[in-house]
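The values are calculated or read from the model by the stated rules, or taken from the named source; none is laboratory data. Computed from a predicted structure; not experimentally measured. With ideal geometry, Cβ positions are generated from the backbone for all residues, glycine too; neighbour counts draw on all protein chains shown. Each accessible area value is taken on the protein alone, full model and side chains, heavy atoms only, with ligands, DNA and RNA left out. Shrake-Rupley method; radii C 1.70, N 1.55, O 1.52, S 1.80 Å.
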Amino acid sequence: EKLLNEIRARRALPLAEPPPWSATRRPSEAREVVLPTMRSDELLVCVLGLEDMVDEKKDARLFVQVTVDEAILKAEGGVRTRRTSAVKVDASGACKWPAPCPQLAFEIGRSAKHARKYEKRAIEIKLFLENRSFFGGRSEELLGEGKVPLAPLLSKCLHAERFVGLRVGGSKRQPKRGAVLLQLRTHHPLGENGEGRELLSETVTVLSLGPWPGASGASGQVPLGGALGGVQAGAHEHGARPAAAAQSAKASYKGPRRRPNPESQGQRGASQAKANAAAGAAGAAAAEFGALSESERRDPLAATHMISEAVLAKELALAVKDASRTMTLNTQMTILRINIESGKLGPEDYLSNLKLRVSRDILLAKFLLQTNRRTEAARVMDRAKTMKKEMEEVREMLAAQAQDQTPAP
């Protein structure tokens, strides 16, 4: 801060010249990445959604089954198969569960014996169609299956996977269109011996400034606050007072007096009017966007402004290769999940929060457009559309639950 203040002060000096500078990029100090809300012996399989399910009928109910290899379980006979709830296919061929997305937990071993098996093991994914009869009967139809390897978790604690080609095992028919979006999580990487580490190092820019040159006409380094005044004082000491006085008189002479030019006065008046209009527009903009926080204006895509499970899932899919942002989004998703599962955030409160966030995002997108930040504005508007769609899905789910709970006549 002290250096920045000195730079600002020196820039204000007459005829000041910038110092020599150079910028270098180098990696920052590495930090360890962990998912603090998870247990050390926990493997979490998050089903973010289904995409491109156009081969299935609209409103068909699908669910996903996940099975882990028994060899990696912590205890013999532990739970190795879990299922999600059923969800409907929408008109676009996509399926998204209401917040939070299904998170299937398995208790895995961390010993060196288990670690040797992780590299060649995989979890099995099966996709089922749920059929319900008029009289309340229920049946299942296997639509497709596949495997997701565990090898990426040897060096990372979070791995996103999107696999396509849903083919029933042993069949010769072409695989159906569709994709399953998954995310595998562990507290820390599995490693070669069961206790791996993930180190993250970001690239930072370091600015180096050379010595500040003196003002034009002065020799050597000019100390802060001693620009041209020091040169003039030196001239007086060596008997150059008359020359300095002549220069001062020449500088103070402004030439013959001129009559005011009406055209110039008109131009000045027009300029003043434009300035007043600009000031008025700035005041109106400040009043319109006063509800936005400084954080929203500065970083509209920050995870702290995302309170929707659907939005977070979409952002996680976009940030697969960005470990730092993925970790931040994952933390936000975990906080949301804990609040919902603990009952702290009920469905009606969740809908109310989404409605408020949609209105703020629309205002935020307008602000970003006016400040010529079009890419960020498009992302924020897409975020608002995603939340509107999620609100409709949550309302439909609540209505279906209320109907199921209504006693039959």
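Here are the numbers for the structure shown:
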read-out	value
Residues of the range 74-109 that turn out to be surrounded by fewer than 15 Cβ atoms within 10 Å (Cβ to Cβ) and either in a loop (DSSP other than H, G, I, E, B) or at pLDDT below 80 (or both), as a count	8
Filter pass, Gly49 being open to solvent by less than 90 Å² (accessible area, probe 1.4 Å), farther than 27 Å from Ser111 by Cβ and either outside any loop (DSSP other than H, G, I, E, B) or modelled with pLDDT under 85 (or both)	yes
Hits in the range 348-360 - residues which are touching a residue at least 40 places away in the same chain (Cβ under 8 Å), open to solvent by 40 Å² or more (accessible area, probe 1.4 Å) and in contact with a helix residue (DSSP H, G or I) (Cβ under 9 Å, 6 or more places away or on another chain)	Arg360
Count of residues meeting criterion [within 19 Å of Lys126 (Cα to Cα), part of a loop (DSSP other than H, G, I, E, B) and out of contact with any Gly (no Cβ under 6 Å at 6 or more places or on another chain)] in the range 52-73	6
Selection within the range 173-216 - among the basic types (Lys, Arg), open to solvent by 40 Å² or more (accessible area, probe 1.4 Å) and either in a loop (DSSP other than H, G, I, E, B) or at pLDDT 80 or above (or both)	Arg173, Arg197
Residue among Leu345, Leu363, Leu292 that is open to solvent by less than 70 Å² (accessible area, probe 1.4 Å) and under 30 Å from Arg61 (Cα atoms)	Leu345
One residue from Gln332, Gln401 being among the polar types (S, T, N, Q) and over 18 Å from His305 (Cβ atoms)	Gln401
Among (1) within 18 Å of Ser40 (Cα to Cα); (2) part of a strand (DSSP E or B); (3) modelled with pLDDT under 85 - the single one Ala115 does not satisfy	(2)
Cross-chain or 6+ apart pairs with Cβ under 8 Å, the range 109-130 first and more than 29 Å from Leu62 (Cβ to Cβ), then of a type in the set (Asp, Glu) and open to solvent by less than 30 Å² (accessible area, probe 1.4 Å)	Gly109/Asp41; Arg110/Asp41
Boolean, Gly170 is modelled with pLDDT under 80, surrounded by fewer than 14 Cβ atoms within 10 Å (Cβ to Cβ) and within 30 Å of the chain's Cα centre (by Cα)	no
